[in-house]
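Each value in this text was obtained by applying a stated rule to the coordinates, not by laboratory testing. Here the structure is a predicted model, which is why all the values come from computation and not from measurement. Positions of Cβ are backbone-derived with ideal geometry, glycine not excepted, and every protein chain shown enters the neighbour counts.
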Amino acid sequence: MKAGRIMVAMWLAAASTSLAAASLYQWKDAQGRTVYSDQPPPPNIHNAQQRAFKGSVIEGNESYAVRIAREKHPITLYTSACGAPCDLARQLLIQRGVPFSSKDLQASEEARNEVQKLTGKLNVPVLMVGSDKLEGFEAGQWQAALDRAGYPRSAPPGSKPVPPAAPVPAPAPVPATAASPAPLP
């Protein structure tokens, strides 16, 4: 019994190494005991099984909270070269550390069709948080939607947000009508 525990401990130690792929062999010895080893069995053993383990079970660098939020409420950002609203929208998601997919309406007819179906028009930016749709960029509404979906308020410590493609100028005060979504150029 003690030998079995030692073999299991050895197996766990071998399986937890940082090897890209590891093999584990299982067979019954002459006394009928089950043997686990990272070494191939002796030549007289004919009923051995070999298992391959590839990589770690825990992969990626996102937190548990982000992973759960991403699985329940995936984020899709629909943009174009609409200027400040699209740049600020992207920057908010990056600074918050939110994993998102981005679809450019100018580059993809499929993206244009999706936005047309979702909103009835081709105005951007549009943010999908799970099944919730937000048209136009309004930081407070976007933050609230991300909060409801369970995304953390900021990127995890030590992670560096990806800088936006171009420097984003400070937004000028906007009239009440300018807060609506920008039409696709």
Would you mind ranking 46, 73 by Cβ crowding within 10 Å, fewest neighbours first? 46, 73
Sort 27, 142 so that the residue with the fewest other Cβ atoms within 10 Å of its own Cβ comes first and the one with the most comes last. 27, 142
How large is the charge dipole for segment 64-170, taken about the Cα centre, if only the Cβ atoms of Lys, Arg (+1) and Asp, Glu (-1) carry charge, to the nearest 20 debye? 300 debye
Going by average Cβ density within 10 Å per residue, which order do the peptides 143-154, 75-86, 31-42 take, highest to lowest? 75-86, 143-154, 31-42
Sort 121, 103 by Cβ crowding within 10 Å, fewest neighbours at the top. 121, 103
Per-selection Kirkwood Rh - segment 64-170 (Cα, Å, 1 d.p.): 14.1 Å
